[in-house]
There are 4 protein chains.
Amino acid sequence: MAEVEIGIGKSARVGYDLAAVGIVPSRRTRDPADVSLAWQVDAYHFDLPIVAAAADAVSSPDTAITMGKLGGLGILHVEGLWTRHEDPLPLVAELAGLPAEAATRRLRELYRAPIRPELIAERLGQVRDAGLVTAAALRPQKVRALFGDILAAQADLLVIHGPAVSAEHQSTRTEPLNLKRFIGDIDIPVLVGGCASFSTALHLMRTGAAGVIVGVGTGGGDANRAELGIGVGLATAIADAAGARMRYLDESGGRYVHVIAHGDLRTGGDIAKAVACGADAVMIDGALAAAADAPGQGGLWSMDVLHSDLPRGRWEPVERAGTVEQILVGADLSGAVGGVSLAGALRAAMATTGYATLKEFQKAEIMLASPPIG
Amino acid sequence: MAEVEIGIGKSARVGYDLAAVGIVPSRRTRDPADVSLAWQVDAYHFDLPIVAAAADAVSSPDTAITMGKLGGLGILHVEGLWTRHEDPLPLVAELAGLPAEAATRRLRELYRAPIRPELIAERLGQVRDAGLVTAAALRPQKVRALFGDILAAQADLLVIHGPAVSAEHQSTRTEPLNLKRFIGDIDIPVLVGGCASFSTALHLMRTGAAGVIVGVGTGGGDANRAELGIGVGLATAIADAAGARMRYLDESGGRYVHVIAHGDLRTGGDIAKAVACGADAVMIDGALAAAADAPGQGGLWSMDVLHSDLPRGRWEPVERAGTVEQILVGADLSGAVGGVSLAGALRAAMATTGYATLKEFQKAEIMLASPPIG
Amino acid sequence: MAEVEIGIGKSARVGYDLAAVGIVPSRRTRDPADVSLAWQVDAYHFDLPIVAAAADAVSSPDTAITMGKLGGLGILHVEGLWTRHEDPLPLVAELAGLPAEAATRRLRELYRAPIRPELIAERLGQVRDAGLVTAAALRPQKVRALFGDILAAQADLLVIHGPAVSAEHQSTRTEPLNLKRFIGDIDIPVLVGGCASFSTALHLMRTGAAGVIVGVGTGGGDANRAELGIGVGLATAIADAAGARMRYLDESGGRYVHVIAHGDLRTGGDIAKAVACGADAVMIDGALAAAADAPGQGGLWSMDVLHSDLPRGRWEPVERAGTVEQILVGADLSGAVGGVSLAGALRAAMATTGYATLKEFQKAEIMLASPPIG
Amino acid sequence: MAEVEIGIGKSARVGYDLAAVGIVPSRRTRDPADVSLAWQVDAYHFDLPIVAAAADAVSSPDTAITMGKLGGLGILHVEGLWTRHEDPLPLVAELAGLPAEAATRRLRELYRAPIRPELIAERLGQVRDAGLVTAAALRPQKVRALFGDILAAQADLLVIHGPAVSAEHQSTRTEPLNLKRFIGDIDIPVLVGGCASFSTALHLMRTGAAGVIVGVGTGGGDANRAELGIGVGLATAIADAAGARMRYLDESGGRYVHVIAHGDLRTGGDIAKAVACGADAVMIDGALAAAADAPGQGGLWSMDVLHSDLPRGRWEPVERAGTVEQILVGADLSGAVGGVSLAGALRAAMATTGYATLKEFQKAEIMLASPPIG
């Protein structure tokens, strides 16, 4: 790993964002019809490696059903608006009519309503009734309080997600969750993150998680670099986590832990690059929040809005595009960037560069782009 | 080749765009009158190393004739509008009056008209009747269907062009074209591409092609990096292909395969840099689509519009400049950037830096520019 | 230290700005309540490592009191408007109503009023009467003339600050201040700077200073890079000074000299990065000048305005944000960037990345971000 | 010299622009009054290392006199408007009232007027009558035709300037000027350039030139990179030429050839950086064309306008600043960037970083700035 000395006595690795990366075509090309985008977490098979973020502007019971039917996965945040309000959609709809600052104030109010356990069961039930995999998300600090309700609601997958989650949280005022013991004790597969380094990813893998979410932040505008100074280029974070996956595969005697990339992934090209860096799947925020049928209804905000001491989520307007279906798999102009759907572009990228499966595509050659000249 | 480790277990080469490159003057200067811009493909001699892209917004029978008379080459795409419509010009003219999205929809409709073989003969005949070299382009998947018509039309050169073409296309649903056998069986020289790596270029050279087109994309706005995540800096792609040319020259006992650079080449300076990186000639899109007499009539679109599953071409407005002649060889203000014609600037660059022929200029010293400071 | 040869016979180190740096989360996370932001200069303890710049647009007696009460430190410039005018606030208020150039002219006039020693005592007295640490700043060339007044005013800390201060000023027309002798002779701790290299920082530490201010410039818009060509990336300057601190700790047998970073620090993330590069505390200009209760009242200017031969300070408008308190420690929307206060963001950054004290945080792993792609 | 392989079989050096460079303060500071900006060419002493470009928008007899009186040097281009028109000022004044393209057309017409030898004598005489050093510029291809007139006009210095000048121009249609023989035959010192590499600079030094002008282009907007693809970062070009100066000093047994940097030098900081990279003096275009009393009268154009085959100069509007005097040595708001004069900023940069003479300042430590993060 290349280290640069930034000054006397302080060195740094160089990290790369996905924007710095391009995929190099191999000497083969493939028929797009022969390309498979499938992956699997435990017993659950998915046709598309695309997970809608556990963020209220992106995932509602309805969009989780849409995602599931199309081969992806939607996740419900059990600390979100759908478990606090009987019908959050009209409440969210009001936000777009307010000035941005007032929308943020109102948004924060909406999160002060108490979580209603019966709504957890009801919302997950909607997805299960559609015959689809149900996934419930919450923050590490709420696992003890809310896991019983999630279990009762018969979720298939549990997602433990915070801006930066470690296997070793330390606090003098509360007894932190022992992730390893907790995951060992339960029966459903757990996805956990975000994280952004080889060692954190490896430690999270050792807790028994089925997948780790790579990328620091909880979705929406990523405030971590600008506001907190925390930042690891996503291409590097993915490659490091893929390195941890390899190490853990060896030390565990063959347990494969999935790496789910989560960051500013906007286009099918971004998804292709994430996979080529080593990801098994991706978690999408903004590109899905743009959907005409997204629950954010023209707005996007980070789940940092849940933070009690330092609420950081703010309502931001989002330019609307086509429907979730068009954005995910559509083939006409109403889709995402350039009229190309996320899955369609990923498939085209794999066919054009000559790869038939995601596992093969993880080994694609990549090239860093030289910086532009002013 | 310098490799950078972008994370644990994933390395990448660094690729350079032409924008990162500058040509270093040698210790000689030359009289521009002594500079030759000539090159040759098989028996065909050209005074200028400038090929108009096989794109409907750039090349029509009329502009191919203009290009040819000025010493360059125009290519007709036999899957394009000129072989689907008796008179495409008024149809294209309408597009500029529509909103961009409607123009794209209408554009796609225009490509749904069937190809009329008799028009292939008629269009190529126009160029041949002017006493000029005729070149016909098509995509690899249409070679079998359309080659007979092209042969009947007595094309001098065949151009097989797709966003990324390999010598080894794989498909389980169709029998892919065996490029090597096909090229071996026919009598006319073939230019084939795009490609973007040493090994793909080398494999394409081994098919017997007379030239390879370097640069991933089919012209118009290059959507490959943004939408598909595919990207190799053009300076690096050209240098790699020139390396393959050297290798193939050795292994074939002296067969010289031309490297034709195709990317966002806008100015004579871009062309000069492409040659200094190793190109024999360049293929131009946007700079020619800007011509007052360009068939795009103020619009530009990529031939990806032909893709049946994932149509990506969209109509985009282009700011008009002078005529094709002024842009190519003019010496007054109506020409391209800064009033300098493409050929004039290339000639001036070679004279100023001290090179008399394109082959010498390929060996010019180049310098990478350091990144700008914000 | 990596050296790059920029040409034959001239090499250069590569310096990094804070913008190029991101903090890497460790494999631990921490409860924000367990994070301490405290530091200490001599006998003076501060809850926050944040010092308001010795600049008239940032620090007045009132804001120094606010800063002190919140756990930070405000510094009064004894060559500034508060010691030249009985009531500078209405005079400054007028500036915002003038065209920028006229405001600058008027600003320079305001600095032509003589310094009134009795005001030095009065202004510092206000802060002392509030039970807070008093700090007085002046330029090296005025130490002889004004130190008596500062001493009489019973300042707790002395700040000797210029755009670039060295331990070895040379002049043939005046006898330069011998910093080492001066600091040896006086009883109060001295902070001195700006400086921007290992050797200057080390020499300043050897004068007996309690702290060195790292960063070339005197606040406000940093004109040094653009106008004078002087520039050292702040991350590198901080790391170099931290290296000098280590060296001096060794050669002095254990004297710890504080490194105070001063540059374009706008957010809590910038502060976090400065500490992670090795700083003990930071000096803030613009982010505090934006306060509703800042003495600049919507304007910001550099104390270079004091330069007699080459006055460089100019009045520039500043967009107003919340109060000093909200910007420093607030937790609602009226605070700084993204509604996150400087101290709150620093605390969150440390908790998220797993560090409990500033000294531990100085050892955080950092990562350089790859350049963006155009 | 670091080489980067940009692709298989093509390597490149990395070149740095002045924008990538910052000067590092030494551990000393100096009194600005002790800083000397003087330099000398042969018998001619100058108080300031600042030469006004031999460009009609910058240098007229009047501004050459102003430059000379202030300690700098102005150069008259004997192929310019001042030797073609009795009174060019009203003709140039008209240009600002025309649309840019019409202004360029009219500008080119103005250069079609014949050169009047008697005006060469008259214009240079004006400067000489003011008791100042006279410098006359022309292109290499016109030396034979016009040198007699320049000699008759008793110029003190001769400047042979083109976009890229070599000691080895080759032409089959004309007998090129043998620079070495020509310079050996004449009695007045010659400055020659532009050039941009170690070997070209060394060869030009071997012709007996008193100075070489480093930087490819003839002033005004530098079209060479954008239009011709020629480009060498100026910091690298200066350092390389300084390396050639060192080599030639050795091989000639002590002949010191001056390096005059010419490029997009806008501020005193740019000048400081050029000197810190190794320049003895600088040639300024745009920053002086902005003067209220500049002959360009609000317009700037390159002397490439003289090119007969490929005229590249075009009239471009320039935002007006203070007078030549204010820009060069003024100390108030009417000067250049930030109200700081070119010489004042250079002096301040040297004092702040601790250097007393230009020769010492050439050895200043410099630092490359890391690229910005988007």
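The values are calculated or read from the model by the stated rules, or taken from the named source; none is laboratory data. Just so it is clear, the structure is predicted and the values come from calculations on it, not from any experiment. With ideal geometry, Cβ positions are generated from the backbone for all residues, glycine too; neighbour counts draw on all protein chains shown. Ligands, DNA and RNA are excluded from the accessible area calculation, which covers all protein heavy atoms including side chains. Shrake-Rupley method; radii C 1.70, N 1.55, O 1.52, S 1.80 Å.
Across the options A:M283, A:G162, A:A294, the greatest Cα extent toward the positive end of the charge dipole of chain A (unit charges at beta carbon of Lys, Arg, Asp, Glu) belongs to A:G162. Note on A:I186/B:T172: beta-carbon distance plugged into 1/(1 + (r/R0)^6) with R0 of 35 Å gives a FRET efficiency of 0.25. 3J(HN,Hα) couplings calculated from phi for the range D:351-356 with the Karplus curve 6.51 cos²θ - 1.76 cosθ + 1.60 (θ = phi - 60°) are, in sequence order, 5, 5, 8, x, 10, 9 Hz; Gly and Pro show x. Every Cα-Cα pair of the protein assembly as shown was included, and the share exceeding 53 Å stands at 35 percent. The amide H of B:G229, built 1.01 Å from its N in the peptide plane, has A:G269 as neighbours under 5 Å, considering only residues 5 or more places off or on other chains.
As a calculated quantity, the FRET efficiency between B:D87 and A:R105 at R0 = 60 Å, using C-beta atoms, amounts to about 0.45. Between this copy and the others, label points of D:E5 are 1.9, 1.9, 2.7 nm apart in ascending order, each placed 7 angstrom from Cα in the Cβ direction. Over chain C, with a Gaussian network built from C-alpha contacts below 10 Å, which listed residue (C:A196, C:A292, C:A276) shows the highest mean-square fluctuation? It is C:A292. Per-residue accessible area (protein heavy atoms, 1.4 Å probe) orders B:I23, C:I188 as C:I188, B:I23, starting from the largest. Under 5 Å from the amide H of B:I50 lie the amide H atoms of B:L73, B:V282, each residue being 5 or more positions distant or on a separate chain, with H modelled from the backbone and absent for Pro and chain starts.
Taking a ≥ b ≥ c as the square roots of the Cα gyration tensor eigenvalues, with a/c under 1.5 meaning rounded and otherwise prolate when a/b beats b/c, else oblate, which class fits the range D:99-228? It is oblate, given that a/c is not under 1.5 and a/b is not larger than b/c. Each residue of the range B:182-192 is assigned a 3J(HN,Hα), and the resulting list reads 4, 5, x, 7, 9, 9, 9, x, 10, 9, 9 Hz, derived from the Karplus form 6.51 cos²θ - 1.76 cosθ + 1.60 (θ = phi - 60°), x at Gly and Pro. Helical content alone sets the calculated 222 nm signal of chain B at -9000 deg cm²/dmol, taking -39,500 (n - 2.57) per DSSP H segment of four or more residues and averaging over every residue.
Ordered by 1.4 Å accessible area with all protein chains kept, D:R247, B:R255, A:R181 run largest first as A:R181, D:R247, B:R255.
Across identical copies of the chain, D:P114 has label-point separations of 7.2, 7.2, 10.2 nm, listed in ascending order, with the point defined 7 angstrom from Cα along Cα→Cβ. Each Lys or Arg adds one and each Asp or Glu takes one away; over the other residues whose Cβ falls under 14 Å from the Cβ of A:L89, this sums to -4. Here the range C:39-128 yields Rg over Rh of 1.04, to two decimals, using C-alpha coordinates and the Kirkwood radius.
Once neighbouring chains are kept in place and the probe is 1.4 Å, which whole percent of the accessible area of the protein assembly as shown is contributed by carbon and sulfur? Roughly 50 percent, rounded to a whole number. Pairwise Cα distances in the range D:180-272 exceed 15 Å for 60 percent of all pairs.
Per residue, the range A:55-106 exposes 33 Å² of solvent-accessible protein surface, assessed with a 1.4 angstrom probe and all protein chains in place. Work out from phi, with θ = phi - 60° and the Karplus expression 6.51 cos²θ - 1.76 cosθ + 1.60, the ³J(HN,Hα) of each residue of the range C:236-248, listed in order in whole Hz, and give x for Gly and Pro. Values per residue, Gly and Pro as x: 5, 4, 5, 4, 5, 5, 5, x, 5, 4, 5, 4, 5 Hz. Amide hydrogen proximity for D:I6: with H placed 1.01 Å from N in the peptide plane, the residues at 5 or more positions away or on another chain lying under 5 Å are D:S11, D:A12.
Considering only B:G74, B:A272, B:A239, whose Cα is most displaced toward the positive end of the charge dipole of chain B, charges sitting on Cβ of Lys, Arg (+1) and Asp, Glu (-1)? The residue sitting most towards the positive pole is B:A239. Using a/c under 1.5 as the rounded threshold, could you call chain B rounded, prolate or oblate? The axes a ≥ b ≥ c are square roots of the C-alpha gyration tensor eigenvalues, and prolate needs a/b larger than b/c, oblate otherwise. The shape class here is rounded. Shown for D:T357: label points 7 Å from Cα along the beta-carbon vector, and their distances to the equivalent points in the other copies, 5.3, 5.3, 7.5 nm in ascending order.
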